[in-house]
């Protein structure tokens, strides 16, 4: 959220993907440091545990020197001078009047809505499709089976003939693929747009889950099927890293305005972790019950999320927050941002697609 509010329009997507990039860097670092030959042993595990505190300490020391969000200063604090100073510091040039005016327009569009709680957010008709979209995308991100893929990966590697002591290196290689494709997403998100990456990513995940199901079902009868399974895991990781992993959180920043953005992140985060917990809790039982066909469930979730994205989620690339809000205003069939103001009129029915 912080990076999304700081970023200029033309870099908002790339900077919005950067947090996910550093998550993948952290995962890869943990996989490498967690090798048995390094720190995953009796002598090294306290060091491995302590290393996790280093990034937190660096962040704690540096955050006080970071500028406050110009949108927060102008919309919440009504301090135009401080907002302009923050913009000058961030942009590196003095003429920030145009961007300041854009923030003022966002403030006027919200009509001083004030604090919006989670319950209020869920009741607001003017934010209906935004909330539904975030719930679908954040839920789809986790329920599409990314954690199940990693859970199942070691078993697939072993079935393909990888020695038990070498599985950890193959797993680290998968983490490297995840990081490299997230780097790719940073550079293409402003070129291809958010919708394309979501559609492409979920489509790749759907295909990978379907082929993986067939490969697992046939691996005892066709000798080379375990290698197909490995290819499916790598393909799934590529697809998820391109769109489903980084884009939903970026969209929370883009499709909500300043007053509703914190509550939207609370909703999105809750859906994310609840979905994550659900998959971790029930997948072992699904695996016992369905065996090789476990991933059909995830394939269906991928295709349903793809259909929703195609029909509902608009492209936000190169648009201001106000322009994005106007798109959703028409989708929600209201004429203002806040229906509780009792000054709204219905628009004629409109489609929710592009």
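What follows draws every value from the coordinates through simple rules; no lab data is involved. Values in this document were obtained by computation on a predicted structure and should not be read as measured data. All Cβ positions, glycine included, derive from the backbone under ideal geometry; neighbour counts span all protein chains shown.
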How many residues of region 279-295 are surrounded by 13 or more Cβ atoms within 10 Å (Cβ to Cβ) and closer than 14 Å to residue 217 by Cα? The answer is 6
Check region 220-241 and report whether any residue there is farther than 17 Å from residue 153 by Cβ and assigned to a helix (DSSP H, G or I).
no
Quickly run through region 135-191 and pick out the residues that are on the phi > 0 side of the Ramachandran plot and without any contact (Cβ under 8 Å) to a residue 24 or more places away in the chain.
none
Within region 77-85, identify whether any single residue is surrounded by 15 or more Cβ atoms within 10 Å (Cβ to Cβ) and under 26 Å from residue 248 (Cα atoms), and answer yes or no.
no
Given the residues 277, 285, which is the only one that is without any contact (Cβ under 8 Å) to a residue 24 or more places away in the chain, under 17 Å from the mean Cα position of the chain (by Cα), on the phi < 0 side of the Ramachandran plot and part of a helix (DSSP H, G or I)?
277
Filter region 193-230 down to the residues that are farther than 22 Å from residue 143 by Cβ and buried (at least 17 other Cβ atoms within 10 Å of the Cβ), then identify the one that is nearest to the chain's Cα centre (by Cα).
193
Among (1) farther than 23 Å from residue 249 by Cα; (2) in contact with a helix residue (DSSP H, G or I) (Cβ under 6 Å, 6 or more places away or on another chain), which single condition is residue 13 missing?
(1)
When region 33-54 is examined, which residues are found to be part of a helix (DSSP H, G or I) and loosely packed, with under 15 Cβ neighbours inside 10 Å?
45, 46, 47, 49, 50, 51, 53, 54
